[in-house]
Structure formats: C-alpha cells, structure tokens
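Structure first, commentary second.
The values are calculated or read from the model by the stated rules, or taken from the named source; none is laboratory data. Everything numeric in this text was worked out from a predicted model, so none of it was measured. Glycine gets a Cβ as well: all are built from the backbone with ideal geometry, and neighbour counts include every protein chain shown. Heads up: the accessible areas ignore ligands, DNA and RNA and are worked out on the full protein's heavy atoms, side chains in. Shrake-Rupley method; radii C 1.70, N 1.55, O 1.52, S 1.80 Å.
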Amino acid sequence: MDVIKERHSVRQYTEKKIEMEKRTELNALADKINSDTRMHIQILYDEPKCFDGIMAHYGNFSNVKNYIALVGPSTNGMEEKAGYYGEQLVLKAQEMGLNTCWVALSHGKSAAAVGKGEKLFCLIALGYGVNQGCAHKSKAMEEVCKVTGTMPDWFKKGMEAALLAPTALNQQKFCFTLEGDTVTAKVRGMGFYTKVDLGIVKYHFELAAGVKVL
C-alpha cells in the first residue's frame with residue numbers, strides 16, 4: 001500500500017539514465033509476464049523519438065526517453081490483461097525509485113515491434129521524474145462498489161487501493177461487487193480505455209485485499 005500511495009503520474013523527466021541493474025530487474029519481470037501470458041511487452045530505453053512530437057507536447061510530456069510498450073494479441077480480454085500486467089511493472093518501477101505515466105494517445109510512433117495479429121494497447125512513460133506527481137481526485141467508495149450487509153475490512157482495503165489506481169482521464173468507470181466471498185469487477189458505462197483501466201484496478205484490489213477478482 002505504501003508503494004501504491006506514493007505512485008502518481010509524472011509527465012516531465014530529468015536527464016538521469018536508468019541504471020543497468022534496474023533495467024535488468026524490470027526486463028526480467030517483463031520477460032516473466034510474457035512467458036506466463038501471451039503478452040509481448042517490451043521496454044524501450046534511451047529512445048526519445050516516440051515522445052518528441054506534437055502529440056507528446058500537447059500531452060505536456062517532456063524529456064521522455066524510456067517507455068514500456070504493452071503489446072499483445074488483438075483478441076478479446078487482452079486489453080484488460082495489458083492493464084493488469086502493465087500495472088505490475090508500474091508498481092515495480094515505483095518500488096525501485098522510478099516514475100511512470102500511463103499514456104494512451106499523447107505520443108508519436110513507438111519503436112516497439114508489433115507482429116501480425118498483435119496490437120499496441122498502451123505505453124507507459126518511464127524514468128526519473130522532475131517531481132513525484134500529485135494525487136488524483138477519487139470518487140466515493142460507495143459509488144464504485146456493491147456490498148450486501150457489512151463491508152469486510154479486506155474488501156475495504158481492496159477498494160481503497162482500487163481508488164488509488166490510475167485510470168484514463170481519471171474516469172474511474174468500474175464497479176466491484178461482493179457476493180458471499182466472491183468478488184467480481186466490471187466496466188460501468190462508456191469511456192476511453194475502460195478495459196485497460198479495469199485490469200489496472202483489479203491488480204490494485206488483489207494486492208491490497210489478497211483475494212482474486214473475477
């Protein structure tokens with residue numbers, strides 16, 4: 001929870017390079033995710049071109065020279081997986097003293113390899129931030145969950161973590177439901193990148209609650 005609370009979106013970065021030992025650790029996690037799933041996640045270092053165009057400047061990004069490319073099969077369910085596993089890398093980076101920002105459209109052409117039948121779902125800016133970012137506004141917990149009876153402490157912890165998760169345009173268009181001991185989560189309403197967001201919030205909930213979300 002400390003890492004979750006400390007992590008905020010950062011769009012401006014310093015010139016400091018990511019050390020080799022940190023690159024090795026992040027690469028190892030990406031490789032493990034790729035071997036355990038059908039993802040094709042790639043981490044690009046010292047590659048400034050992707051965030052050096054009009055779209056990146058419009059998104060207020062500056063000096064982004066490293067990023068994580070969330071690539072995977074363009075099949076059902078993979079957008080959610082991109083969010084779920086991408087957030088694993090985000091929190092690992094935060095734990096290592098790095099900063100990140102999920103990026104949907106505010107970037108140029110990625111240098112990531114996207115094979116036949118694959119799709120680039122999202123990018124994550126990566127590096128040493130000029131600052132540590134700031135907390136986003138959150139909805140009230142009762143707006144994003146349904147519980148019959150008294151809310152268990154473990155479920156409340158999970159929801160607190162889910163509300164701290166980054167979502168596109170801070171939409172927080174998700175809903176968790178507790179029935180017995182079973183937790184389910186789904187997208188509520190329409191919005192950009194809501195399926196990716198669902199994967200991100202599920203990962204946060206599971207980390208804090210210690211319970212799998214269906």
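Remarks
- Positive minus negative residues near Lys119 (Lys, Arg vs Asp, Glu; Cβ under 15 Å): +2
- The chain - mean residue ellipticity at 222 nm from DSSP helices (-39,500 (n - 2.57) per run, n ≥ 4, rounded to 500): -10500 deg cm²/dmol
- About the Cα centre, charge dipole magnitude for region 143-188 (Lys/Arg +1, Asp/Glu -1 at Cβ), debye: 200
- Given charges at Cβ of Lys, Arg, Asp, Glu: the chain dipole, positive-most of His136, His57, Phe155: His57
- Summary value for the chain: 25 percent relative contact order, contacts being C-alpha pairs under 8 angstrom separated by 6+ residues.
- Here Asp197 sits with roughly 10 square angstrom of accessible surface, probe radius 1.4 Å.
- For region 1-143: rounded, prolate or oblate by the Cα gyration tensor [a/c cutoff 1.5]: rounded
- Separation of the alpha carbons by more than 29 angstrom is noted, of Lys17/Lys173; Lys49/Lys119; Lys5/Lys109; Lys139/Lys195; Lys65/Lys92, for Lys17/Lys173; Lys5/Lys109.
- 1.4 Å probe accessible area per residue over region 49-179, in Å²: 47
- Listed residues Trp102, His204, Met1: farthest to the positive end of the dipole of the chain (Cβ charges): Trp102
- Each Lys or Arg adds one and each Asp or Glu subtracts one; over the other residues with Cβ under 11 Å from the Cβ of Cys50, this totals +1.
- Put Val64, Val147 in order of accessible area, highest first, and with a 1.4 Å probe you get Val147, Val64.
- Take every Cα pair under 8 Å whose residues are at least 6 apart in sequence, average their separation, divide by the length of region 52-133, and the relative contact order is 48 percent.
- Three-way shape call for region 9-83 based on the alpha-carbon gyration tensor, with the a/c threshold at 1.5: oblate
- 13 Å beta-carbon shell around Phe174, net charge (K/R +1, D/E -1): +4
- Nearest-20 debye value, region 1-94 charge dipole, Cβ charges on Lys, Arg, Asp, Glu: 100
- Structural descriptor for region 84-131: relative contact order 47 percent, calculated from alpha carbon pairs under 8 angstrom and at least 6 residues apart.
- Net charge dipole size for the chain [Lys, Arg +1 and Asp, Glu -1 on Cβ; Debye, nearest 20]: 460
- Straight-line reach from Lys212: taking Cα to Cα under 16 Å and skipping same-chain neighbours fewer than 8 places apart, the lysines in range are Lys81, Lys156, Lys157, Lys186, Lys202.
- Probe 1.4 Å - accessible area at Val114, Å² to nearest ten: 70
- Rounded percent of accessible protein surface that carbon and sulfur make up, region 43-140, 1.4 Å probe: 54
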